[in-house]
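K.L.:
Would you mind keeping the following structure in view while I ask a few things?
The values are calculated or read from the model by the stated rules, or taken from the named source; none is laboratory data. As the structure is a prediction and not an experimental result, all values here were calculated from the model. With ideal geometry, Cβ positions are generated from the backbone for all residues, glycine too; neighbour counts draw on all protein chains shown.
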Amino acid sequence: MNFFELQDRARHSTVILVVLFLLAVFTLIILTNLLVMFAFGYVNTQQLTLETFQRQFDWNIFLKVGLGVLAIVAFGSLYKIYSLNGSGEKVAELMGGELIVDASGNMSKQRVLNVVEEMAIASGTPVPPVYLLHEDGINAFAAGNSPSNAVIGVTRGTIEKLSRDELQGVIAHEFSHILNGDMKLNIQLIGILHGIMVLGLIGYYLLRTGGRSRSSRNGGGVVALALGLVVIGYGGTFFGNLIKASVNRQREYLADASAVQFTRNPNGIAGALKRIGSDTLGSTLQNPNGAEISHALFGDGIRHTFTRLFATHPPLEKRILQIDPDWNGKFDVQPIAILQEVERSPAQAARHKAAGLMTGAATVMAGGAFVDRIGRLNDAQINYAHQLLSELPAEIKQAAHDPFAARALIYFMVLDNAPAMRQQQLQHLATAADDGVYAETLKLTEKFAKLELAHRLPVLDIALSTLRQLSKPQYLVFKKNLYTLVAMDARIHLFEWTLQKIVVHHLDIAFEEKRQLSGQFKLAQTQQACALVLSLLVHAGKPQGVSKEHAFAVARENLAGLNVSLLPAKDLKLDKVDEALDQLAQLAPLTKPLLLKACVKAIAADGQVSAAEAELFRAVADLIDCPMPPLVG
């Protein structure tokens, strides 16, 4: 399955989850009604038969209790989902995770940061913040609602006990969950399980307080109700765990397979699984909240003593055999030392300068086949990301990882080339930017004339992770200044618009300024939006040797006969393009490839793709929630 099929599958999994949830709630309603009727004497238990039970059964009570149970479970689920708010940070904090801001010379921390950055740049997604869990078991997770607010959590055991290849396999597994749309389902599962357990929590509360009322007329009924709710709470946990297990196991096989596909190294993830099997602690976690997010973990976070019925992951042996069919069944892995270097050796890296790898973009994009690679990485892209990171000037890399300097870096990237306008922009920052940010901007302008084109989007992906460390007021000031700098010369260049749009698109979601749009639009419902975006690409590309009308006509062939025409350049107002992209982001997953292939045709109609056109295409794909890998390999 490709990226779009997996996104569609994630939506269908949500439907299945809702159906299972409703079945569980319906069962709880029946059980709670029976409990209430017997505990408070609505049904006489003496000489009870089916016939007498039917005569005594009160449908009015059943309706009231049913609505009460439904309200309690729904409130519990929605409260938990809202408290997490789709944010990966909230899940990491729930697990006691510590944000790795600076490796500070720690080789293990630096290695995991490097691997995460490589994987993010290779997949075309913002670099997710990395949280360290102080656990000795080997485990990891990805959490969030989308790549915009995703985080990756890794245990201390993972970064200290695994080789670099094994660590890369684990991180690739977690990135597959990010790309496949699994994270949102994981948040929903946490909320649903909590909602189902609320009845049991109410039972415990009543049990504590009901004992004081035993002398009252209904005291015995309250105690019986409390005990019954505790039992039903255990039943709810049973249903919740069954739902988690049934929804999750196949996704783990798929994520393992994706990790092999990403890294082209089955020994990486297979080695990590074997090391879990050979380790005393395995993948188990000590944190009591581990059970709550067990389905989101790389390996089983809790031990299943009596049965694997509730296991959220397939057995280790089966996962390993799926990857390594010749495995002998023994967990006889060799011990490792932190022996592994922080970076790969030059022999493992790409041989050519990263910027030069973009020169073949026209060949890579030919026919639109590259669109099918979204969410499916290869070793050429990972090598490209590794080489690019090694080429970045130390000052730029350091700035991208510091919250003050990251803001300065974004400001620097949109400063005008004309000295007078640049000075005017800097004067604005001197008074409007937060303390220290203006000084950092000046340092960058004194050191660098501009960033290399091939470095701009990757540096932005790294900086987005850092900018999520800002407070919301700091973000709003930064956002306002960015808009001001871009608009100051009364001419918005495409790169400025692209950068501004990507920054705001991802950070507005992370800072809850905007929810992620989701919908099931058909192409026929987005005709004007399609015309706007394709016209933008045609005019921006300035096709050589063919007319703009021809380039648009070639692109239109991919849009299933939509009646759209090339719009004049004067009609391409960027605020309208913004609205168009927001609408196109809500296309049904299986429809988006048609649009992206049309975009490729619009750009490559003349047989040439410049680095700027490739950058613009990747930005458009990102803005409709289709992370586009670098155009290499």
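K.L.:
Are any residues in the range 480-502 touching a Phe, Trp or Tyr at 6+ places or on another chain (Cβ under 9 Å) and either without any contact (Cβ under 8 Å) to a residue 40 or more places away in the chain or under 18 Å from P403 (Cβ atoms) (or both), and if so, which ones?
P.N.:
Within the range 480-502, N481, L482 meet the criteria.
K.L.:
Just checking, does the range 101-115 include any residue being modelled with pLDDT under 80 and surrounded by 16 or more Cβ atoms within 10 Å (Cβ to Cβ)?
P.N.:
Yes, the conditions are met somewhere in the range 101-115.
K.L.:
Give just the number: which of (1) farther than 21 Å from K501 by Cα; (2) more than 21 Å from the chain's Cα centre (by Cα); (3) surrounded by fewer than 19 Cβ atoms within 10 Å (Cβ to Cβ); (4) at pLDDT below 85 does K573 not satisfy?
P.N.:
It fails just one condition, (1).
K.L.:
If a residue has to be in contact with a helix residue (DSSP H, G or I) (Cβ under 8 Å, 6 or more places away or on another chain), crowded, with 21+ Cβ neighbours inside 10 Å and within 17 Å of K576 (Cβ to Cβ) to count, how many in the range 519-538 make the cut?
P.N.:
Result for the range 519-538: 10.
K.L.:
Can you go through L242, L254 and tell me which one is among the aliphatic types (A, V, I, L, M), touching a residue at least 24 places away in the same chain (Cβ under 8 Å) and within 30 Å of Q168 (Cβ to Cβ)?
P.N.:
So the residue among L242, L254 that is among the aliphatic types (A, V, I, L, M), touching a residue at least 24 places away in the same chain (Cβ under 8 Å) and within 30 Å of Q168 (Cβ to Cβ) is L254.
K.L.:
While we're on this one: Which condition breaks for R556 when tested against (1) within 28 Å of V486 (Cβ to Cβ); (2) modelled with pLDDT of 85 or more; (3) of a type outside the set (A, V, I, L, M)?
P.N.:
Single failed check for R556: (1).
K.L.:
Right, another one. Can you name the condition, by its number, that V503 falls short on among (1) modelled with pLDDT of 90 or more; (2) within 30 Å of L566 (Cβ to Cβ); (3) over 25 Å from the mean Cα position of the chain (by Cα)?
P.N.:
Failed condition: (3).
A quick yes/no check of all residues on (1) in contact with a Cys (Cβ under 7 Å, 6 or more places away or on another chain); (2) assigned to a helix (DSSP H, G or I); (3) within 15 Å of G290 (Cα to Cα):
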site	(1), (2), (3)
I72	no, yes, no
S77	no, yes, no
Q110	no, yes, no
V115	no, yes, no
P128	no, no, no
F141	no, no, yes
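K.L.:
Considering E446, E452, which residue is loosely packed, with under 15 Cβ neighbours inside 10 Å and acidic (D, E)?
P.N.:
E446
K.L.:
Out of the helices (runs of 4 or more DSSP H) lying entirely within the range 443-515, which hold 1 or more residues that are of a type outside the set (F, W, Y) and in contact with a strand residue (DSSP E or B) (Cβ under 9 Å, 6 or more places away or on another chain)?
P.N.:
In the range 443-515, 453-467 are the helices (runs of 4 or more DSSP H) which contain 1 or more residues that are of a type outside the set (F, W, Y) and in contact with a strand residue (DSSP E or B) (Cβ under 9 Å, 6 or more places away or on another chain).
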